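See structure below.
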Amino acid sequence: MNAKTPSLNHVTISGNLTRDAKIDHVGDDLITVARLSIANNGHYKDKSGNWHNVVTYVDVEIWGAAADRLESYAKKGAPIIVEGSLKQNIWKDKDGHNHQKLYIKADKIHHLIG
């Protein structure tokens with residue numbers, strides 16, 4: 001029997017914006033895209049019982065009307081929840097070096113009152 005692994009790509013993460021969202025308008029139709037970065041704070045206890053903080057920085061991209069709505073509140077430090085999927089960009093720079101970047105392509109961004 002050939003069992004297939006189900007494919008699931010859904011991310012929900014919360015954090016605070018590390019900078020104001022960068023809003024651009026692209027293409028002939030000037031579709032809005034917002035690029036932002038969040039800091040997700042976590043913690044763990046080591047073997048000695050000491051607590052440590054861990055910060056994970058995550059890049060996020062959202063398109064269309066949802067990106068338009070961000071301009072008023074997507075400021076550095078704002079608490080948000082992001083729902084979306086992981087995407088990977090792969091490219092070569094002008095010197096021929098390969099690069100890749102993993103980010104969240106957001107479907108929804110919820111602004112939390114801080």
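Scanning the stretch 76-114 for residues that are aliphatic (A, V, I, L, M), open to solvent by 40 Å² or more (accessible area, probe 1.4 Å) and assigned to a strand (DSSP E or B) yields ILE81, LEU86, ILE90, LEU102.
The requirement of being farther than 20 Å from TYR103 by Cβ and polar (S, T, N, Q) is fulfilled nowhere in the stretch 24-32; no residue meets it.
Of all residues in the stretch 6-49, those that are in contact with a strand residue (DSSP E or B) (Cβ under 7 Å, 6 or more places away or on another chain), open to solvent by 50 Å² or more (accessible area, probe 1.4 Å) and either over 22 Å from ARG69 (Cα atoms) or not in a strand (DSSP E or B) (or both) total 7.
Just one of TYR73, TYR57 is aromatic (Phe, Trp, Tyr), surrounded by fewer than 11 Cβ atoms within 10 Å (Cβ to Cβ) and either on the phi < 0 side of the Ramachandran plot or outside any loop (DSSP other than H, G, I, E, B) (or both); which is it? TYR57 is the lone residue from the list that is aromatic (Phe, Trp, Tyr), surrounded by fewer than 11 Cβ atoms within 10 Å (Cβ to Cβ) and either on the phi < 0 side of the Ramachandran plot or outside any loop (DSSP other than H, G, I, E, B) (or both).
The values are calculated or read from the model by the stated rules, or taken from the named source; none is laboratory data. Keep in mind the model is a prediction, meaning the values are calculated, not measured. Note: ideal-geometry Cβ built from the backbone for every residue, glycine included; neighbour counts use all protein chains shown. Accessible surface areas use protein heavy atoms only, side chains included; no ligands, DNA or RNA. Shrake-Rupley method; radii C 1.70, N 1.55, O 1.52, S 1.80 Å.
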